[in-house]
Each structure stands twice: as structure tokens, then as C-alpha cells.
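A quick write-up on the structure given underneath.
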């Protein structure tokens, strides 16, 4: 009976952890754009991505996006997908954003960090 339960609902005894994560692309043109986020975990109640910028010596959470759960053929894993849109960069220097990808299961949380760069806009007259 226990074997049947484990096969149908994933293994509830398996340790909760984030297995894989992706944010693509990790470099955007000065116009900014969309970044696709995917995450996979052993189990979980939900997933989100926080977009963070460091200005001077302070860190700001610009916004948070809740990721949507997607069907997984493998019952031992859960998957989520979503996207964030980063704004244009009109400065000549590159802007760096930290994407903190989180998955939670009850009171447990597992997080990973991905850096995404929005390239600086070249000065007028320079290609």
C-alpha cells in the first residue's frame, strides 16, 4: 500500500530541494526585454522570482513575480515557469539585476541567484 501511495503522489519522504533553475537570456540589449524563468524541485507549494537592483550601497526589491506550475510527466518533480520584463537602460554603463528564484514547501524554502545584465546604451554617434 505504501508503494502505491509513493508512486501516485511523489515521494513525500524525499528531501525538499530545488533541483534545476534557468533564466534565459542572461544578457539583454539596451532596450531591455523579457527573461524566461524555469525552476524544478523535488516538491513544493509554489515558486516565485524576485527582481533586485543594488543602487549605491542599498538593495531594492523592484518586483516579485509568482511562477505558474506546469505539468510534469515525472511524478517525482514539480515544475514552474514564468517571465519577468526588465526595463530599457538609457545609461552608458550596463545595469545588473539579481533574480532570486525561490521554491517553498510548507515552512522550507530553497533559493538560487541568477544575474541578468541589460547592456548600456552606446553614446550618440557610436554604434
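The values are calculated or read from the model by the stated rules, or taken from the named source; none is laboratory data. Since this is a predicted model, take the numbers as computed values, not measurements. Cβ placement follows ideal geometry from the backbone for every residue including glycine, while neighbour counts extend to all protein chains displayed.
Structural remarks
- Here 72, 98 are screened, and the one residue that is over 23 Å from residue 15 (Cβ atoms) and either at pLDDT 95 or above or in contact with a strand residue (DSSP E or B) (Cβ under 8 Å, 6 or more places away or on another chain) (or both) is 98.
Listed here are the residues, each with its yes/no results for (1) outside any strand (DSSP E or B); (2) closer than 30 Å to residue 120 by Cα.
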residue	(1), (2)
47	no, no
53	no, yes
63	no, yes
74	yes, no
80	no, no
91	yes, yes
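- Summed over segment 105-123, the residues that are over 13 Å from the mean Cα position of the chain (by Cα) and either surrounded by 15 or more Cβ atoms within 10 Å (Cβ to Cβ) or at negative phi (or both) give a count of 11.
- Considering (1) surrounded by 16 or more Cβ atoms within 10 Å (Cβ to Cβ); (2) under 24 Å from residue 31 (Cβ atoms); (3) more than 13 Å from the chain's Cα centre (by Cα), the lone condition that residue 82 does not fulfil carries the number (3).
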